[in-house]
Amino acid sequence: MISLTSKNPAQLAVDALVVAVRPRGSAVGAVSADWLPKELVQLLARDAKRLGITGAVDEVRRLPGTGIKATTIVVTGVGDAPLDGSPAGREALRRAAGAATRELAGLESVALALPTPDAASVGAVAEGALLGAYAFSRYHSLHDAPVSRVELVTDRDRDKAAQEALARAEVVAAAVHATRDLVNTAPNDLYPAVFADEAKTATKGVKGVKVTVLDEKALAGGGYGGLVGVGQGSARPPRLVRVAYAPSKPRATVALVGKGITFDSGGISIKPAAGMEAMKSDMAGAAAVLHTVVAAARLGLPVAVTGWLCLAENMPSGTAQRPSDVITIRGGTTVEVLNTDAEGRLVMADGLVAALEEKPDVVLDIATLTGAQVVALGHRVSAVMGTDDARERVVAAAGESGELFWPMPLPDELRAGLKSKIADIANIGERWGGMLSAGVFLREFVGESSWAHLDIAGPAFNEKSAHDYTPVGGTGVGVRTLLALIESYA
Ligand code: BES
Ligand code: MN
Ligand code: ZN
């Protein structure tokens with residue numbers, strides 16, 4: 001639960017009161033905290049060094065709540081970003097708020113008195129606070145419960161735009177949380193049929209949304225050779241799920257295609273055992289698509305959004321596809337499967353073709369597609385490729401939302417590496433630039449359409465430690481960017 005208040009924060013009866021601090025030369029200053037007892041302000045300015053407080057991003061410290069009603073005062077670093085409502089400033093607030101609520105797990109109520117220079121900044125603080133207050137507790141209850149009550153201190157509490165920003169933040173955070181939950185769910189509990197059911201559950205009662213599920217028979221009958229080929233090694237058959245949000249007078253039509261490999265063992269081209277467990281997260285794209293559609297519908301955006309979830313489990317078995325198999329993607333393109341571990345592009349090809357049959361204004365695909373993406377950009381920056389217009393639009397939307405997406409090229413010469421001796425195209429290309437080759441492969445299926453391909457292989461799953469509003473495990477990356485992009489058409 002989150003609410004706005006313009007009460008004197010020193011008087012709030014909460015477990016913790018959070019204020020922002022930033023580096024200021026050798027001293028450290030609390031930001032917009034003139035209501036704090038003088039002793040506390042002096043303590044911060046004078047003794048920050050002694051207390052080890054620097055004001056850096058992701059630094060959270062607790063001090064006794066001397067002279068205020070809250071039990072503890074918590075300082076959260078905002079670094080040097082200008083807190084002026086700019087995208088960088090809003091992201092600094094989002095991170096500072098998220099680092100605080102994440103660090104304060106186990107407490108019940110928290111008040112955040114961070115700077116809110118405009119309504120959008122109110123939204124950013126709210127979003128960060130909610131994103132940081134997350135825990136995945138399906139399988140154990142040993143961890144601290146996330147903060148459940150957040151009071152956001154701002155003199156904009158009666159401002160309509162600020163209230164709307166707060167409401168949007170709640171929808172966004174719910175979508176990101178739900179995406180994380182799906183990614184974190186064990187693959188024995190989340191396989192294609194279950195994922196399809198989840199799509200129905202998640203959209204139940206959401207106005208204007210319709211779910212259609214193609215099962216393995218329908219997929220075979222419909223010529224979806226990518227989904228059938230990848231899914232045939234598993235005892236858990238594939239699904240293609242269409243989740244459509246259709247408002248009455250849409251200003252544009254956006255299609256989203258998500259990779260939903262509920263577990264990627266590599267298939268017959270099996271992966272090494274070390275680290276394979278992370279491949280439960282190979283459905284993060286589909287999860288982001290599902291909950292982006294839900295969020296767009298809950299916000300009632302005047303944009304039609306159709307999500308396509310390409311769901312399969314990639315397993316080795318007596319029925320699995322083999323390296324050298326030739327499959328036919330929906331629409332007729334034949335693919336020689338030279339490596340069964342390059343399965344994502346096969347299911348995504350089917351999804352892209354299906355999406356484009358409805359002639360959307362733009363199609364975005366999102367996938368944990370290549371290890372090469374992680375090599376190129378690491379664990380915190382995603383890649384975006386595609387046609388110039390769509391790619392630039394994604395970069396702009398990412399900037400607005402605070403997610404990190406970096407533009408990458410699709411060099412024509414990489415097409416030669418994908419040549420097959422016996423089919424239209426092979427599913428692997430040149431070794432170097434593997435992320436780009438995968439993008440060039442997908443381009444084969446989008447024709448003249450406006451299209452962007454988002455590779456989130458690194459950022460989708462956090463195997464290291466939590467930071468700012470990002471927990472360990474599923475991160476929910478992509479939801480905020482896709483939603484901002486949809487809003488750019490509204
Ligand atoms: N799901 C993987 C990509 C991946 C790797 C995602 C690491 C997240 C972290 C994908 O299906 C895959 O296995 N790609 C292969 C392609 C190769 C065989 C051409 C890869 O990147 O190694
Ligand atoms: Mn793979
Ligand atoms: Zn994969």
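Taking the criterion of being at pLDDT 90 or above and either in a strand (DSSP E or B) or of a type in the set (Val, Ile, Thr) (or both), the residues of the range 31-55 that qualify are Ile53, Thr54. Exactly one residue out of Thr72, Thr116 is surrounded by 17 or more Cβ atoms within 10 Å (Cβ to Cβ), in contact with a Ser or Thr (Cβ under 6 Å, 6 or more places away or on another chain) and either without any contact (Cβ under 8 Å) to a residue 12 or more places away in the chain or among the hydroxyl-bearing types (Ser, Thr, Tyr) (or both), and it is Thr116. When Val14, Val28, Val21 are screened for being at pLDDT 95 or above, open to solvent by less than 70 Å² (accessible area, probe 1.4 Å) and not acidic (Asp, Glu), only Val14 passes.
Determine, yes or no, whether Leu454 is within 25 Å of Tyr224 (Cβ to Cβ) and either in a strand (DSSP E or B) or within 16 Å of ligand 3 (Cβ to nearest atom) (or both). Let's see the steps before the verdict.
Details: within 25 Å of Tyr224 (Cβ to Cβ): yes; either in a strand (DSSP E or B) or within 16 Å of ligand 3 (Cβ to nearest atom) (or both): yes.
Yes.
Limited to the range 420-457, what total is found for residues that are within 16 Å of ligand 2 (Cβ to nearest atom) and either among the small types (Gly, Ala, Ser) or open to solvent by 30 Å² or more (accessible area, probe 1.4 Å) (or both)? Residues meeting the conditions: 9. Any residue that is more than 16 Å from ligand 1 (Cβ to nearest atom), more than 15 Å from Leu346 (Cβ to Cβ) and more than 17 Å from the chain's Cα centre (by Cα) - is there at least one of those in the range 228-235? Within the range 228-235, one or more residues are more than 16 Å from ligand 1 (Cβ to nearest atom), more than 15 Å from Leu346 (Cβ to Cβ) and more than 17 Å from the chain's Cα centre (by Cα).
For the residues Leu130, Leu190, Leu142, the requirement of being outside the structural domain of Ala296 (by TED's automatic domain parsing) and in a loop (DSSP other than H, G, I, E, B) singles out Leu142.
Can you name the residue in the range 183-205 that is among the aliphatic types (A, V, I, L, M) and within 21 Å of the chain's Cα centre (by Cα) and, of all such residues, is surrounded by the most Cβ atoms within 10 Å (Cβ to Cβ)?
Kept after step one, since they are among the aliphatic types (A, V, I, L, M), are these residues of the range 183-205: 183, 186, 190, 193-194, 196, 199, 202.
Now restrict to residues that are within 21 Å of the chain's Cα centre (by Cα): 183, 186, 190, 194, 196, 199, 202.
Values: Val183: 27, Ala186: 12, Leu190: 24, Val194: 18, Ala196: 23, Ala199: 30, Ala202: 20.
Residue satisfying both the conditions and the ranking: Ala199.
When the strands (runs of 3 or more DSSP E) confined to the range 274-380 are screened for residues that are buried (at least 24 other Cβ atoms within 10 Å of the Cβ), in contact (Cβ under 8 Å) with a residue 12 or more places away in the chain and away from ligand 1 (no atom under 14 Å from the Cβ), those reaching at least 2 such residues are found at 304-314, 362-367.
The values are calculated or read from the model by the stated rules, or taken from the named source; none is laboratory data. Here the structure is a predicted model, which means the values were calculated and not measured. Cβ sites come from the backbone with ideal geometry, for glycine too, and all protein chains shown count toward neighbours. The protein model used for the area step is the full one, side chains on, heavy atoms only, and it has no ligands, DNA or RNA in it. Shrake-Rupley method; radii C 1.70, N 1.55, O 1.52, S 1.80 Å.
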